[in-house]
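Engineer: The structure that follows is given in the form of structure tokens.
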Amino acid sequence: MNSSSRSAFANHLLIYTLVAIGFSGSIGVGTVWLQHQISLVAKANKAIEAKLKDCERQSEQATTEIAEEQDVSVLLARNATWRLGLIPPGKEAVQQVTEDPIAHMVLKHNREVFAEANPANSLAPISLRLALQR
Amino acid sequence: MSRGFASNYRISLLASLILLAFGGLGVRLVWLHVLDRKELLGHIQQVRHEVIDEPAVRGNIVDLHDNILATSRSMIVLGADPSALRPADEGKWPQLAALAGIPLPTLASLLTTKFRAPAGPTPAPGARASLVFSLPAAPNATPGAAAPAAAAADAALAAADADDDTVLADPDATGRRPIKWVKLSDEITESTYQKITQLGIAGIYGTRTYRRAYPHHELAAHVVGYVNQQQEPVCGIESYVNFYLRGENGWVESEKDGHRQELAQFRTREVPQADGYNVKLSIDAAVQTMVESELDAIAKKYQPLKATIIVSDPRTGFILALGNYPTFDLTAYNKLTKEQQSWMRNVAVDSQYEPGSVFKIVAASAALDLGLVNVDTRFDCTLEKIEYKGKIRNLPKEDISDHFVHPLTVAEIIAHSSNKGAAQLAMLVGDERFYDYARNFGFGQRTGFPVGSEIAGTLVPLAKWDGLTITRLPMGQGAVSATAIQMQQAMGVIASGGLLLRPQLITQISDREGRVVYAYGPAVVRRVISEQTARTMSTLLEGVASVNGGAPQAEIPGYDVAGKTGTANKVMPKTLPSGKVIGAYSQQHHVTSFVGFFPAHARANERQVEIAVVVDDPDAHAARGTVYGAWVAAPSFKNLALKLIPYLDIRPGSAVVASPSLALEGGRR
């Protein structure tokens, strides 16, 4: 390249112009690509957002349907249709106990266990005699 | 570079051309971006700019155990563009009609009507503006039908603002207006909509919206209230805490393409919606169900004018259940006839009646609290007249003549509901102090109950009392009228140990993530009587619900029940021989009530409940044609109490037996 003659300026101008065109073109292409990527990401975000909202809607729909199924009139109808024979608890289903309820339940359970082991309940009462020796 | 090509002239020319071209581009850019900026931006703004509304989801109303009483569910507004329908799809119309719940002839009529006469409604300019703003619905529409669905969504939402749901185009040459969109149904569920879209009928579009759902229909209808079709809260908790429930809509400022699809990358501003808070009530759905089933039983047996049952925790003032008869279905409020509109009234707070003998608790409490009497102080209840403040006053008659042959103790006055005894107690207290006690018990003033257009009731001011007031007021007649909630509150004074508590419904307000925003606690209004007086009164009221008391029907074996019956004659219009119509106490129309609590002497850590049963005019279907609170209301109190005992694990009060209880499986003992 002639860099010292009179055409040097023109050569440089041409080179720099081409470089500038190439550079600005690549910037332009890059920008377009970038905007396209932004657009894709935005669309993807929007789709995810819509999907989340859809999930929320479905969840709310399911919640409402569950609540409707738990309505007393519906449950009573199911009880009748399926012949479950369930009855509401009444006062007679509650037994008042005077001692500690845990001890009461343990005693009751053990009584049943012993009764199964020995239906005739024929075990003689055991008495232990302690003799103190001096 | 060869000299032949790279001559100065050619290179300079080429460079100049390139520069000129770039210069031209630059000038054009300046032209577009600077000189024509305003005009072009205006055009762009008009065509591409959009503001997408992000509607907030209304919060839920839940009961004490988080059972949903009111929620928002996604619903689809289904509509059609009659001009876009294809004849080939007509065979699918019966399926569409079945899915949409529309009679086939109605559907066919809607779909085949393509024009409306010139006199049809014209969408206002504002409606068109809202159409532009309504584009946000498009993202919710079914994929694959984006543009038409967006248009349909616009039309649907724009139509929602208009009186008529149908959206019309501009008139054609003949003056007829083509129908752009007609609503088929606004109650299509997601699952149904999926089936409809699977039919693949062109021109049928849906747009999603949130609608209020009341899964339990009639349950606690007067408490929960409802949101109307315009999504405005009308009554109940829905209206009272609308500020918390409604949330705040969000919005997105963005641009749209030629297909009216949002260009998400051009979103400039985004304000997310703030969904409404959830409101937790003190209402227990199970207790409410028991209350409403008892009201049904009362209605079936007596066919009263109206009835109310309230269940509350007297120590906190929180209402566990509040039911009225008649009631209504929250999902069908718009199907009530004009005559049935009154069913929506919360008569527990907006209807007053003379409380009758329940009011005797005021006279007895006042006399005991002031130390003027003790439970054994006796009064002659056979007297016809008595001197009070230097004048002879007529004492009221007793309900049962010749019943009291000996002077009655204060305990007997309460147990047997003696009118003469109550009057003498009030006279002992004196006008001023008796009036003050009545006010302190909450009569003649609103309780502050949050829902139902509460009224203050009536307590005639002292200055307007006549000579008979001091003898009639203590028996709850004449100068006093109260609502059921006021009676519940007044009896609560005795149950709570002398404190007047504000009846409350809301326990807490929380956000969607469950974080508590505000929690409500017991609200003490004032101390009315001492704790000792309250305990004494509880004991006296136990005498009422006993074999020897006035309401043995309320007695529950093993439990100490305190309560008071009330039977008030209703004031009915009476025509005099002169033709003049006056109000007079009727012997055929009564308001009967029983207000009580149990266990009367529960410990601080033991559950105690208060129940008020008020039945208005059960006379016509009552046995022997006459009624008393003990016969009508007290049995309902007991029925309800028996159901509440196992459910709420109510244990006998310390006065009866101090013992825990065990629920046996399957009711075995």
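Engineer: Among the residues that make up segment B:518-529, is at least one of them under 16 Å from residue B:364 (Cα atoms), assigned by TED's automatic domain parsing to the domain that holds residue B:358 and surrounded by 15 or more Cβ atoms within 10 Å (Cβ to Cβ)?
Structural biologist: Yes: one or more hits.
Engineer: Further question on the same structure: State all residues of segment B:188-231 that are of a type in the set (D, E, K, R), within 13 Å of another protein chain (Cβ to nearest Cβ) and either under 25 Å from the mean Cα position of the chain (by Cα) or not in a strand (DSSP E or B) (or both); if no residue qualifies, say none. Outline the logic, then answer.
Structural biologist: Filtering segment B:188-231 down to residues of a type in the set (D, E, K, R) leaves B:190, B:195, B:208, B:211-212, B:218.
Next cut, within 13 Å of another protein chain (Cβ to nearest Cβ) only: B:190, B:208, B:211-212, B:218.
Passing the criteria: B:190, B:211, B:212, B:218.
Engineer: Restricting attention to segment B:232-252, report how many residues are out of contact with any Gly (no Cβ under 6 Å at 6 or more places or on another chain) and more than 14 Å from every other protein chain (Cβ to nearest Cβ).
Structural biologist: Of segment B:232-252, the ones out of contact with any Gly (no Cβ under 6 Å at 6 or more places or on another chain) are B:232-234, B:240-244, B:248-252.
Next, only the ones that are more than 14 Å from every other protein chain (Cβ to nearest Cβ) stay: B:232-234, B:240-244, B:248-249, B:251.
Here the count works out to 11.
Engineer: Does residue B:182 meet the test of being surrounded by 18 or more Cβ atoms within 10 Å (Cβ to Cβ), among the hydrophobic types (A, V, I, L, M, F, W, C), in a helix (DSSP H, G or I) and away from chain A (no Cβ under 12 Å)? Talk me through it step by step, then tell me what you get.
Structural biologist: Values: surrounded by 18 or more Cβ atoms within 10 Å (Cβ to Cβ): yes; among the hydrophobic types (A, V, I, L, M, F, W, C): yes; in a helix (DSSP H, G or I): no; away from chain A (no Cβ under 12 Å): yes.
The answer is no for residue B:182.
Engineer: Considering only segment B:350-370, how many residues are outside any helix (DSSP H, G or I) and farther than 13 Å from residue B:430 by Cα?
Structural biologist: 5
Engineer: Got a sec? Which of B:562, B:495, B:479, B:534 is within 17 Å of residue B:633 (Cβ to Cβ) and either at pLDDT 95 or above or among the aliphatic types (A, V, I, L, M) (or both)?
Structural biologist: After applying the criteria, what remains is B:562.
Engineer: Starting from segment B:238-254, keep only residues that are outside any helix (DSSP H, G or I), then list their pairs with residues that are surrounded by fewer than 17 Cβ atoms within 10 Å (Cβ to Cβ) and of a type in the set (Gly, Ala, Ser) whose Cβ atoms are within a distance under 6 Å, requiring at least 6 positions of separation or different chains.
Structural biologist: B:247/B:274; B:248/B:274
Engineer: Which of the residues spanning segment B:596-648 are of a type in the set (Lys, Arg) and in a helix (DSSP H, G or I)? Don't jump to the end; show me each part of the working.
Structural biologist: Taking segment B:596-648 as the starting set, the residues that turn out to be of a type in the set (Lys, Arg) are B:603, B:607, B:624, B:638, B:643.
The answer is B:624, B:638, B:643.
Engineer: For residue B:622, only one of the following conditions fails: (1) crowded, with 23+ Cβ neighbours inside 10 Å; (2) under 22 Å from residue B:419 (Cβ atoms); (3) not charged (D, E, K, R). What is its number?
Structural biologist: (1)
Engineer: How about segment B:485-540: which of its residues are in contact with a Leu (Cβ under 8 Å, 6 or more places away or on another chain) and part of a strand (DSSP E or B)?
Structural biologist: Residues satisfying the conditions are B:506, B:507, B:524, B:525, B:526, B:527.
Engineer: Right, another one. Tell me, please, whether a residue that is surrounded by fewer than 17 Cβ atoms within 10 Å (Cβ to Cβ) and of a type in the set (Asp, Glu) can be found in segment B:589-608.
Structural biologist: Yes, segment B:589-608 has at least one match.
Engineer: Further, regarding this structure: Which one of the conditions (1) over 24 Å from residue B:529 (Cβ atoms); (2) touching a Cys at 6+ places or on another chain (Cβ under 8 Å) does residue B:420 fail to meet, given that it meets all the rest?
Structural biologist: It fails just one condition, (1).
Engineer: For segment B:461-475, indicate whether the set of residues that are under 30 Å from the mean Cα position of the chain (by Cα) and assigned by TED's automatic domain parsing to the domain that holds residue B:380 is non-empty.
Structural biologist: Within segment B:461-475 (the criterion being under 30 Å from the mean Cα position of the chain (by Cα) and assigned by TED's automatic domain parsing to the domain that holds residue B:380), the answer is no, since none of the residues qualifies.
Engineer: Which residue pairs have Cβ atoms under 6 Å apart, sit 6 or more places apart or on different chains, and have a first residue in segment B:269-280 that is buried (at least 16 other Cβ atoms within 10 Å of the Cβ) and a second that is among the polar types (S, T, N, Q) and part of a strand (DSSP E or B)?
Structural biologist: Qualifying pairs under 6 Å: B:278/B:510; B:280/B:507; B:280/B:508.
Engineer: Out of all the residues in segment B:395-406, is one or more at positive phi and surrounded by fewer than 16 Cβ atoms within 10 Å (Cβ to Cβ)? Spell out the reasoning first.
Structural biologist: Going residue by residue through segment B:395-406, those that are at positive phi are B:402.
Checking which are surrounded by fewer than 16 Cβ atoms within 10 Å (Cβ to Cβ) leaves us with B:402.
Yes, there is a match, as at least one residue in segment B:395-406 is at positive phi and surrounded by fewer than 16 Cβ atoms within 10 Å (Cβ to Cβ).
Engineer: Now for a different question. Report, by residue number, each residue of segment B:447-478 that is within 23 Å of residue B:364 (Cα to Cα), surrounded by fewer than 21 Cβ atoms within 10 Å (Cβ to Cβ), touching a helix residue (DSSP H, G or I) at 6+ places or on another chain (Cβ under 9 Å) and not aliphatic (A, V, I, L, M).
Structural biologist: Residues satisfying the conditions are B:461, B:465, B:478.
Engineer: Follow-up question, since we're still on this one. Right, residue B:659: out of contact with any strand residue (DSSP E or B) (no Cβ under 7 Å at 6 or more places or on another chain), modelled with pLDDT under 75 and of a type in the set (S, T, N, Q) or not?
Structural biologist: no
Engineer: Looking at segment B:307-357 only, could you name the residues that are over 15 Å from the mean Cα position of the chain (by Cα), closer than 21 Å to residue B:447 by Cβ and aliphatic (A, V, I, L, M)?
Structural biologist: Answer for segment B:307-357, where residues must be over 15 Å from the mean Cα position of the chain (by Cα), closer than 21 Å to residue B:447 by Cβ and aliphatic (A, V, I, L, M): B:307, B:309, B:311.
Engineer: Considering each residue of segment B:414-431, count those that are part of a helix (DSSP H, G or I) and under 16 Å from residue B:369 (Cα atoms), and give that number. Show your work before the answer.
Structural biologist: As a first pass, look at segment B:414-431 and keep what is part of a helix (DSSP H, G or I): B:414-415, B:419-429, B:431.
Applying the additional criterion that residues be under 16 Å from residue B:369 (Cα atoms) yields B:414, B:422, B:424-429, B:431.
Residues flagged as part of a helix (DSSP H, G or I) and under 16 Å from residue B:369 (Cα atoms) within segment B:414-431 amount to 9.
Engineer: Ok, one more. Test of understanding: among B:314, B:326, which residue is in contact (Cβ under 8 Å) with a residue 40 or more places away in the chain and not assigned by TED's automatic domain parsing to the domain that holds residue B:229? Reasoning before the result, please.
Structural biologist: Details: B:326 fails: in contact (Cβ under 8 Å) with a residue 40 or more places away in the chain.
Every option except B:314 fails the conditions.
Engineer: Applying the selection to segment B:257-300, what residues are closer than 17 Å to residue A:50 by Cα and in contact with a Lys or Arg (Cβ under 6 Å, 6 or more places away or on another chain)?
Structural biologist: B:262, B:264, B:275
Engineer: Based on what the data block shows, is residue A:106 more than 30 Å from residue B:284 (Cα to Cα), surrounded by 10 or more Cβ atoms within 10 Å (Cβ to Cβ), among the β-branched types (Val, Ile, Thr) and modelled with pLDDT of 70 or more?
Structural biologist: On the way: more than 30 Å from residue B:284 (Cα to Cα): yes; surrounded by 10 or more Cβ atoms within 10 Å (Cβ to Cβ): yes; among the β-branched types (Val, Ile, Thr): yes; modelled with pLDDT of 70 or more: yes.
Yes; evaluated as a whole, the condition is true for this residue.
Engineer: Can I ask one more? Give B:446, B:439 a once-over and let me know the one that is assigned to a loop (DSSP other than H, G, I, E, B), of a type in the set (D, E, K, R) and without any contact (Cβ under 8 Å) to a residue 40 or more places away in the chain. Write out each step before concluding.
Structural biologist: On the way: B:439 fails: assigned to a loop (DSSP other than H, G, I, E, B).
The match here is B:446.
The rows are residues; the columns are (1) under 34 Å from the mean Cα position of the chain (by Cα); (2) of a type outside the set (Ser, Thr, Tyr); (3) surrounded by fewer than 16 Cβ atoms within 10 Å (Cβ to Cβ).
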{"site": "B:35", "(1), (2), (3)": "no, yes, yes"}
{"site": "B:52", "(1), (2), (3)": "yes, yes, no"}
{"site": "B:56", "(1), (2), (3)": "yes, yes, no"}
{"site": "B:62", "(1), (2), (3)": "yes, yes, no"}
{"site": "B:81", "(1), (2), (3)": "no, yes, no"}
{"site": "B:89", "(1), (2), (3)": "no, yes, no"}
{"site": "B:93", "(1), (2), (3)": "no, yes, no"}
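Engineer: For segment A:44-69, what are the residues that are out of contact with any helix residue (DSSP H, G or I) (no Cβ under 6 Å at 6 or more places or on another chain) and within 7 Å of another protein chain (Cβ to nearest Cβ)?
Structural biologist: A:45, A:57, A:58, A:60, A:63, A:64, A:67, A:68 - these are the residues of segment A:44-69 that are out of contact with any helix residue (DSSP H, G or I) (no Cβ under 6 Å at 6 or more places or on another chain) and within 7 Å of another protein chain (Cβ to nearest Cβ).
Engineer: Where residues in segment B:550-559 are within 14 Å of chain A (Cβ to nearest Cβ) and not aliphatic (A, V, I, L, M), which of them is farthest from residue B:396 (Cα to Cα)?
Structural biologist: It comes out as B:558.
Engineer: Suppose we keep only residues that are surrounded by 13 or more Cβ atoms within 10 Å (Cβ to Cβ) and at the interface with chain B (Cβ under 8 Å from one of its Cβ atoms) within segment A:3-20. Which one would you say is modelled with the lowest pLDDT?
Structural biologist: Per the stated criteria, the residue is A:7.
The values are calculated or read from the model by the stated rules, or taken from the named source; none is laboratory data. Since this is a predicted model, take the numbers as computed values, not measurements. Here the Cβ is made from the backbone with ideal geometry for all residues, glycine too, and neighbour counts use every protein chain on show.
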